[in-house]
């Protein structure tokens, strides 16, 4: 409703489907299914059945919706349409990926690449989607191509605001219940933990210092767990710049 009336595209395979849908009598939703088939097969082999099952459901839902929701021009302003279309797409894709699915296409390719390196998914998808800008530029003109670039850039920013798995956190806990807390963390996380002996500078009390690196998603598991085991524990959490070595992604 925001993008198609102005021929402003979304990125990746969905954007290519929009191009083919606008240039041919075949509906955009049908093109979306056709173009996603080979990518979904690759994802099935690399990312697992549950992920691809969720992704197929997402693609089919989008395809059906695009066939039955009427294309109504919400506003005559192309820039406003590009901005709000990008915002809605970014929030939606971010939540879909966060709950172990995708919208197909370049989402799957991006997720395969982030398994190898800690690259922000939104930025990676923006880079991959830039090919759509050049295609739309030749087909529809460069003004619309630039609006498309603005839309997919906003989409990429919003994806990274919602999908934060690439963000790694340093976790340091000073506690009187070191062994108990270590056991709970190991049981609930797939992370190695370094345990050090510590001493209070003022009280001279012997304590254990636990250190590990976790993903941003795991923080939601860790905080209530620490509070449950030792409500008086001192906890320091900071964002890490880079992790080198044996860290499970």
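Modelled this way, with points 7 Å down the Cα-to-C-beta line, the labels at residue 75 and residue 1 are 1.4 nm from one another. What the Kirkwood sum gives for region 37-127 is a hydrodynamic radius of 14.4 Å, with every pair of different alpha carbons counted. Distance between the modelled labels on residue 228 and residue 50, one decimal in nanometres: 1.9 nm (7 Å Cα→Cβ projection). What the pair-distance distribution of region 23-67 shows, using all Cα-Cα distances binned every 10 Å from zero, is 28, 49, 21, 3 percent.
Of all alpha-carbon pairs in region 208-247, indicate the percentage at a distance above 12 angstrom. For region 208-247, the share of Cα pairs beyond 12 Å comes to 66 percent.
Expressed in Å, the radius of gyration and Dmax of the Cα atoms of region 1-76 are 13.5, 44. Along each principal axis, taking the top coordinate minus the bottom one, the Cα set of region 168-239 gives 35, 23, 19 Å in descending order. In terms of surrounding Cβ atoms within a 10 Å radius of their Cβ, 71, 97, 33 rank from fewest to most as 71, 33, 97. Of 147, 202, the sequence from fewest to most neighbouring Cβ atoms within 10 angstrom is 202, 147.
In the chain, helices alone account for a calculated mean residue ellipticity at 222 nm of -19500 deg cm²/dmol, with every DSSP H run of four or more residues adding -39,500 (n - 2.57). When each of 180, 76 is scored by the number of other beta-carbon atoms lying within 10 Å, the sequence from fewest to most is 76, 180. Share of pairwise Cα-Cα distances greater than 26 Å in the chain is 49 percent (whole percent). GNM on the chain, alpha-carbon springs under 10 angstrom: the most fluctuating residue among 239, 206, 218 is 206.
Read-outs: derived from the displayed coordinates by stated rules, not from any lab. Worth saying up front: this structure is predicted, and the values here are computed from it rather than measured. Note that each Cβ is placed from the backbone with ideal geometry, even for glycine, and that neighbours are counted across all protein chains shown.
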